[in-house]
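I have placed the structure first, in the form of structure tokens, so that the comments after it can refer back to it.
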Amino acid sequence: MKIPCNPKSENAFLQNSPSWPNLLDERTAKRLAKKHGTPLLVGRKSRIRQRFLGMQQHLPQVDIYYAMKANSDRALLRVLQEMGAGFDVASEGECTRVRDVIGTLCNTVFSNPCKTVQAIHHAYDYGCRKFVFDCQSELEKLVQLPIDAGLHLRISVPAGSCRVNLSRRFGATMEQVESLATLASHHGRSITGIAFHVGSQATDPGDFEVAFQLAEVARKLLSRSGHKIECINLGGGFPVDYGNIESSQIDSHSSSLNLESYLSSLIKFRDRFSLEETNDRFSEMPQVSGKQIQISSKGMIQWMAEPGRALVAEAVTLLTTVIGVKKLSDGTPLYTIDDGVYGSFSGRYFPPDHFRLVPVTPRDSKDSDINAIPSMICGPSCDGGDVLAESQSLPSLKIGSLLQVPMMGAYTSVGASHFNGLEKAKRIWIE
């Protein structure tokens, strides 16, 4: 089920094309570029609200903690706080950001498995009571906190279909779970939560099936050592369709990712497993199929998720201007624009041609499709690696041509720098 938009707040700004919904119309794009200059990140708060409501609906009994590393814009944080979201913080700076915007860290989880002692105590003093660890050295930092600080053990899970493998660096193995359980008991502390993260841009929801299996194994190992699990944090990694995604969750009619179907599949996998505290009556570990484990009441478990990209990516569109035009030796057009990999395209995990750059043209223009040829697009720095597209179909452009890039709400401004003395893109909200 799709959450309807408010026509007053949306339709005045947006045009829907077969390939890209929610593009700025020509008049609005040109007006904003003239008024504010480019590069310009244009945000719409209604998109955040829409996506949050959709996640709430399709992740039943799951509390949403926004991973603010994706986009820490103050206005965006306020919108999510008003919607009832918690926040996943990863550093003292992010703690300070939430505290300044929200006033407290009571509804946060410190999910970075490696934190400074100063950051840990800063977070606790301002209300954070959920702290994630995955190794002995981090546990020894956390046991210095008062007894009401919740200790959540992050486990390693297979990377599966994800674009970015987080478990290569983070997460305890099942062998390490037992030793960490023993160490926590030695310090007189209880491990009350289990966390995992399948990795960024996990296009196959089946990745969560194995993760839930391992979470159940970890819960049973911890239970044997006297630890009662009260919280399961299933992380994030929910994918965003930038126009080049391959997934079983692609809608055959619209060629776009059906996130609602993806999340529903995830919940079905979750509900195959009983992650409730029991009387330790087991002799075998669960199978990947999950058929040996039956559902029981989940009243004792707090379910959490930490979406970042999937909540905010579609809320922002980039406006950028062509500042250079030339042809390569093979005749391929090369266009240089005023934003690049050191700016709003700083998500370096993604290869060239990942983002789609769309010319700002009249609504009924056909020239873009008819005269489009493979073109190279580069950013404004003097770095030869500042390449945004190797072969993207574009019509003939000239200096001053305006382009827009949808799906730019995540990992854009947060990773931007002033390399080469270049200015970062301005940010505005048009609602």
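The values are calculated or read from the model by the stated rules, or taken from the named source; none is laboratory data. Computed from a predicted structure; not experimentally measured. A quick note on method: Cβ atoms are made from the backbone with ideal geometry, for glycine too, and the neighbour counts reach across all protein chains shown.
Being without any contact (Cβ under 8 Å) to a residue 60 or more places away in the chain and either crowded, with 24+ Cβ neighbours inside 10 Å or assigned by TED's automatic domain parsing to the domain that holds S265 (or both) is the requirement here; does H227 meet it? Yes.
Here is a yes/no grid of residues against (1) modelled with pLDDT of 95 or more; (2) touching a Gly at 6+ places or on another chain (Cβ under 6 Å); (3) part of a strand (DSSP E or B):
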| site | (1), (2), (3) |
| --- | --- |
| S365 | no, no, no |
| S368 | no, no, no |
| M376 | yes, no, yes |
| A389 | no, no, yes |
| I399 | yes, no, no |
| Q404 | yes, no, yes |
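The set of residues in the range 322-357 being at pLDDT 95 or above and surrounded by fewer than 19 Cβ atoms within 10 Å (Cβ to Cβ) consists of I323, G324, V325, K326, K327, L328, S329, D330, G331, T332, P333, L334.
Checking each residue of the range 114-127 against the condition of being at positive phi, free of Cβ contacts under 8 Å to residues at least 24 places away in the same chain, surrounded by fewer than 17 Cβ atoms within 10 Å (Cβ to Cβ) and in contact with a strand residue (DSSP E or B) (Cβ under 9 Å, 6 or more places away or on another chain) gives at least one match. When we screen M376, M300 for residues that are surrounded by fewer than 21 Cβ atoms within 10 Å (Cβ to Cβ) and aliphatic (A, V, I, L, M), the only hit is M300. Entry remark, the range 34-50: residues being crowded, with 21+ Cβ neighbours inside 10 Å and either touching a His at 6+ places or on another chain (Cβ under 6 Å) or of a type in the set (D, E, K, R) (or both) number 2 in total. Here V312 passes the criteria (1) under 31 Å from the mean Cα position of the chain (by Cα); (2) modelled with pLDDT of 95 or more; (3) part of a loop (DSSP other than H, G, I, E, B) except the one numbered (3). Here A159, A184 are screened, and the one residue that is out of contact with any Lys or Arg (no Cβ under 9 Å at 6 or more places or on another chain) and at negative phi is A184.
Listed here are the residues, each with its yes/no results for (1) at pLDDT below 90; (2) closer than 27 Å to R129 by Cα; (3) outside any helix (DSSP H, G or I); (4) in contact with a His (Cβ under 9 Å, 6 or more places away or on another chain).
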{"position": "G193", "(1), (2), (3), (4)": "no, yes, yes, yes"}
{"position": "F238", "(1), (2), (3), (4)": "no, yes, yes, no"}
{"position": "H253", "(1), (2), (3), (4)": "yes, no, yes, no"}
{"position": "R272", "(1), (2), (3), (4)": "yes, no, yes, no"}
{"position": "T278", "(1), (2), (3), (4)": "yes, yes, yes, no"}
{"position": "M285", "(1), (2), (3), (4)": "yes, no, yes, no"}
{"position": "G290", "(1), (2), (3), (4)": "yes, no, yes, no"}
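Candidates in the range 139-156 are the residues that are in a loop (DSSP other than H, G, I, E, B) and of a type in the set (A, V, I, L, M, F, W, C); of these, the one that is surrounded by the fewest Cβ atoms within 10 Å (Cβ to Cβ) is I147.
Being part of a helix (DSSP H, G or I) and assigned by TED's automatic domain parsing to the domain that holds L234, is that true of even one residue in the range 128-136? Within the range 128-136 (the criterion being part of a helix (DSSP H, G or I) and assigned by TED's automatic domain parsing to the domain that holds L234), the answer is yes, since at least one residue qualifies. Evaluate the following for S111: is it in contact with a strand residue (DSSP E or B) (Cβ under 8 Å, 6 or more places away or on another chain), modelled with pLDDT of 95 or more, of a type in the set (S, T, Y) and assigned by TED's automatic domain parsing to the domain that holds S137? Yes: the conditions hold for S111. Annotation: L23 fulfils all but one of (1) at pLDDT 95 or above; (2) buried (at least 17 other Cβ atoms within 10 Å of the Cβ); the unmet one is (1). The test for being more than 27 Å from G93 (Cβ to Cβ) and either acidic (D, E) or in the same structural domain as G308 (by TED's automatic domain parsing) (or both) holds for E178.
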